[in-house]
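Reviewing the structure listed below.
The values are calculated or read from the model by the stated rules, or taken from the named source; none is laboratory data. Given the structure is predicted, the values throughout are model-derived calculations rather than measurements. No Cβ is skipped: glycine too gets one built from the backbone with ideal geometry, and neighbour counts run over all protein chains shown.
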Amino acid sequence: MIRVEVEDYTDWDGAPALRMLVVLDESVDPEKVSGEAAGQLKSVIRKSLRKHGIELFPYIFFAKPSELAETKEE
Amino acid sequence: MHEDLFAQAEILAKLDPRKPKQANLRRAISSAYYGIFHFFVDEACRLQFGTQHAQAAYRHTLGRAFTHSVMKQACISFGGGTLKASVMKGLPHDDSGNYLIPEAIQDAASTFVELQEKRSVADYDRTERFKRSDVLIMIDQAKSDCANFAELCAKTLVIARRYVLTS
């Protein structure tokens, strides 16, 4: 994991939420990242937000730098 | 059916090894969402009517009554780790007054919320660019959460029942 980016977000139902981007190291093979591990990370993030009094639901996305660069090119 | 939907999602997400087509990633997200959706619906209907073949027609009929928005609201509540005071009234609680939801239910509920949002975006928002990394991880997370939830159901039926019936 290289960095985490957070921005305000409005979900599809119009509710205020957070959108978080977890940028993975380029060497990470996403097929080898277990759903269990990803779920644990997301769970820690949700609990940490609640602990700090933030009740907004965090929608969390993963991406590698190359995937983000492709999106910029398009 | 949920296992077939997850398998379909994986196939779609792994197509086009060099540069994945957005259409395939979007359909993969949608299949993964419907995988967890049908898993919850099926669990709830099995608890209501039983698991025998003769009861399948009743299960399938009840299954048509579930709505995405109501399930999302229930999942936001359960995913938050505790229940509203009005729901909690009369239930056993800890010293802090909270009725703690098991991790397996919190995780599956939160994944449902996340996947429902991503499915809406995948189906209708052409400005979003889906990444294969995220789609593959999301699919495996949904599979893992369903497995953990099913394991919890087998171990502690009461709380899992309360969850699927509230959903």
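Here is how the numbers come out for the structure above:
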item	result
Condition check for A:Lys64: at the interface with chain B (Cβ under 10 Å from one of its Cβ atoms) and touching a Pro at 6+ places or on another chain (Cβ under 9 Å)	yes
Out of B:Ala13, B:Ala122, sole residue that is at pLDDT 90 or above, closer than 25 Å to A:Tyr59 by Cα, within 10 Å of chain A (Cβ to nearest Cβ) and out of contact with any strand residue (DSSP E or B) (no Cβ under 7 Å at 6 or more places or on another chain)	B:Ala13
Failed criterion for A:Ile2 (all others in (1) under 21 Å from B:Glu128 (Cα atoms); (2) touching a residue at least 60 places away in the same chain (Cβ under 8 Å); (3) hydrophobic (A, V, I, L, M, F, W, C) hold)	(1)
Failed condition for B:Lys19, given (1) of a type outside the set (A, V, I, L, M); (2) surrounded by 13 or more Cβ atoms within 10 Å (Cβ to Cβ); (3) closer than 28 Å to B:Tyr124 by Cα	(2)
Any hit, the stretch B:26-39, residues being within 27 Å of A:Ala63 (Cβ to Cβ), within 12 Å of chain A (Cβ to nearest Cβ) and of a type in the set (D, E, K, R)	no
Selection status of B:Gln116, modelled with pLDDT of 95 or more and either touching a helix residue (DSSP H, G or I) at 6+ places or on another chain (Cβ under 7 Å) or under 20 Å from A:Val33 (Cβ atoms) (or both)	yes
Long-range neighbours under 6 Å by Cβ, at least six apart or interchain, first residue without any contact (Cβ under 8 Å) to a residue 24 or more places away in the chain and more than 7 Å from chain A (Cβ to nearest Cβ) within the stretch B:125-138, second surrounded by 14 or more Cβ atoms within 10 Å (Cβ to Cβ) and among the β-branched types (Val, Ile, Thr)	B:Glu128/B:Val121
Residue that is farthest from the other protein chains (Cβ to nearest Cβ) [pool: residues in the stretch B:74-108 that are among the small types (Gly, Ala, Ser), more than 17 Å from A:Ala15 (Cα to Cα) and assigned to a helix (DSSP H, G or I)]	B:Ser86
Pairs, first among the acidic types (Asp, Glu) in the stretch B:37-61, second outside any helix (DSSP H, G or I), C-beta under 8 Å, six or more apart	B:Asp42/B:Met1
The lone exception for A:Val28 - which of (1) more than 7 Å from chain B (Cβ to nearest Cβ); (2) hydrophobic (A, V, I, L, M, F, W, C); (3) under 15 Å from the mean Cα position of the chain (by Cα); (4) farther than 20 Å from B:Asp145 by Cα it fails	(3)
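Results for (1) part of a strand (DSSP E or B); (2) under 19 Å from B:Ile76 (Cβ atoms); (3) in contact (Cβ under 8 Å) with a residue 60 or more places away in the chain, shown as yes or no for each residue.
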residue	(1), (2), (3)
A:Ala37	no, no, no
A:Leu49	no, yes, no
A:Ile54	no, yes, no
A:Phe61	yes, yes, no
A:Glu67	no, no, no
A:Thr71	no, no, no
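Residue-wise test of (1) modelled with pLDDT of 90 or more; (2) surrounded by fewer than 13 Cβ atoms within 10 Å (Cβ to Cβ); (3) in contact with a Ser or Thr (Cβ under 9 Å, 6 or more places away or on another chain).
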position	(1), (2), (3)
B:Gly35	yes, no, no
B:Gln48	no, no, no
B:Ala57	no, yes, no
B:Gly63	no, no, no
B:Ser77	no, no, yes
B:Gly80	no, no, yes
B:Lys84	no, yes, yes
B:Met88	no, no, yes
